[in-house]
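Each remark here refers to the structure printed beneath this line.
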Amino acid sequence: MIHIELISALSDNYIYLLHNDKQNITAVIDPGEADPVIKVLKAKNWNLDQIINTHHHHDHTGGNSKLKKIYKSQLIAPLYEKDRISDIDIFVSDGDTISIAGADSKAIHTPGHTLGHVCFYIPEEKYLFSGDTMFYLGCGRVFEGTMEEMWNSLLKLKLLPDDTTVYCGHEYTLSNAKFSIHIDPNNQLLKQAYNNINNKRNEGLPTIPFLLGDEKKINPFLRANENSFASSIGLNLSSPSEIFKSIRTQKDNF
Ligand SMILES: [Fe+2]
């Protein structure tokens, strides 16, 4: 059983600390800064055995070197980002199974936001760490890959079970929800989600994690291959990746 501590960092990042009580192994995912992680490790009296990065952006890797120095942790990161992340000990590629906090985890290569971005899925717990590929009601900006690559990456995530719990890299939910409502105003499930999200943010609470099954019905970026959805939002384009591109471009300018 893996216990997850959600740590807020920088302006809107989330860092995840995973602890396996039975084996006493601790891993951190995407430490954008070290100090908030050290604070929790001290309070819990845990060592830090592993550092895992989904991609090379500084707000996900900025704490690597300080944490590695203090705890002698093993750094696990995508092979495709090897030139942009220093001191990687274990490289991961698409489809690799690695142990994270003592649990088998599958690496899923999701190019688009960056070319080497990898998400991590733990089947035993049905946890997905989606980095900056999928957010609650959103997806990452397409910085390095093509729109088609990003769409194909989201399709890979969409294949995971509905009862997958998703932990993403940022608290962008409220602005994503506003955009989703803007383009899909008649979606009742989305309206309910929007109200819950609004309440949580008003109370200063995180909206993460979220359920993938719900997301398949309300996240517009996951629905570009549903004909009825595309026509309901006025997009009669030829391919899902073109529909995705249109939605992503509208969000970039929202
Ligand atoms: Fe990023």
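Could you tell me whether T133 is under 10 Å from the mean Cα position of the chain (by Cα) and within 17 Å of N53 (Cβ to Cβ)?
Numbers: under 10 Å from the mean Cα position of the chain (by Cα): yes; within 17 Å of N53 (Cβ to Cβ): yes.
In short, yes.
Applying the selection to the stretch 100-127, what residues are of a type in the set (G, A, S), over 14 Å from H3 (Cβ atoms), surrounded by 24 or more Cβ atoms within 10 Å (Cβ to Cβ) and out of contact with any Pro (no Cβ under 6 Å at 6 or more places or on another chain)? Walk me through it before giving the result.
Residues of the stretch 100-127 of a type in the set (G, A, S): 101-103, 105, 107, 112, 116.
If we keep only those that are over 14 Å from H3 (Cβ atoms) too, we end up with 105, 107, 112, 116.
Filter once more, keeping what is surrounded by 24 or more Cβ atoms within 10 Å (Cβ to Cβ): 105, 112, 116.
Selection gives S105, G112.
Could you list, in sequence order, the residues of the stretch 212-225 that are among the charged types (D, E, K, R) and farther than 16 Å from L137 by Cβ? Outline the logic, then answer.
Of all residues in the stretch 212-225, those among the charged types (D, E, K, R) come to 214-217, 223.
None; the set is empty.
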Quiz item: Just for the stretch 128-147: of the residues that are surrounded by fewer than 17 Cβ atoms within 10 Å (Cβ to Cβ) and not basic (K, R), which one is farthest from the ligand (Cβ to nearest atom)?
Solution: T146
Quiz item: Yes or no: S11 within 16 Å of the ligand (Cβ to nearest atom), part of a loop (DSSP other than H, G, I, E, B), surrounded by fewer than 18 Cβ atoms within 10 Å (Cβ to Cβ) and of a type in the set (S, T, N, Q)?
Solution: yes
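Under the condition of being hydroxyl-bearing (S, T, Y) and crowded, with 19+ Cβ neighbours inside 10 Å, which residue from the stretch 34-73 is nearest to the chain's Cα centre (by Cα)? Let's see the steps before the verdict.
If we filter the stretch 34-73 for residues that are hydroxyl-bearing (S, T, Y), which is where we start, we get 54, 61, 65, 71, 73.
Among the residues that remain, those that are also crowded, with 19+ Cβ neighbours inside 10 Å are: 54, 61, 71, 73.
Details: T54: 8, T61: 14, Y71: 25, S73: 22 Å.
Once the filter is applied, the top-ranked residue is T54.
What residue, of D96, D89, D49, is under 17 Å from I108 (Cβ atoms) and more than 15 Å from the ligand (Cβ to nearest atom)? Before the answer, list the steps.
Values: D89 fails: under 17 Å from I108 (Cβ atoms); D49 fails: under 17 Å from I108 (Cβ atoms).
The unique qualifying residue is D96.
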Practice problem: Search the stretch 32-61 for residues that are under 14 Å from I7 (Cα atoms) and pair each with any residue that is outside any strand (DSSP E or B) and more than 16 Å from the ligand (Cβ to nearest atom) when their beta-carbon atoms are under 6 Å apart and the residues are at least 6 apart or on different chains. | Solution: A34/K66; A34/L67; L41/L48
Quiz prompt | Residues (more than 21 Å from Y127 (Cα to Cα), part of a helix (DSSP H, G or I) and out of contact with any Pro (no Cβ under 8 Å at 6 or more places or on another chain)) located in the stretch 180-198 | solution = I181, H182, Q188, L189, L190, K191, Q192, Y194, N195, N196, N198
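Values in this text are rule-based calculations from the coordinates and carry no lab data. The model shown is predicted, which means the values in this text are computed figures rather than measured ones. FYI the Cβ positions are ideal-geometry reconstructions off the backbone, even for glycines, and counts take in every protein chain you see.
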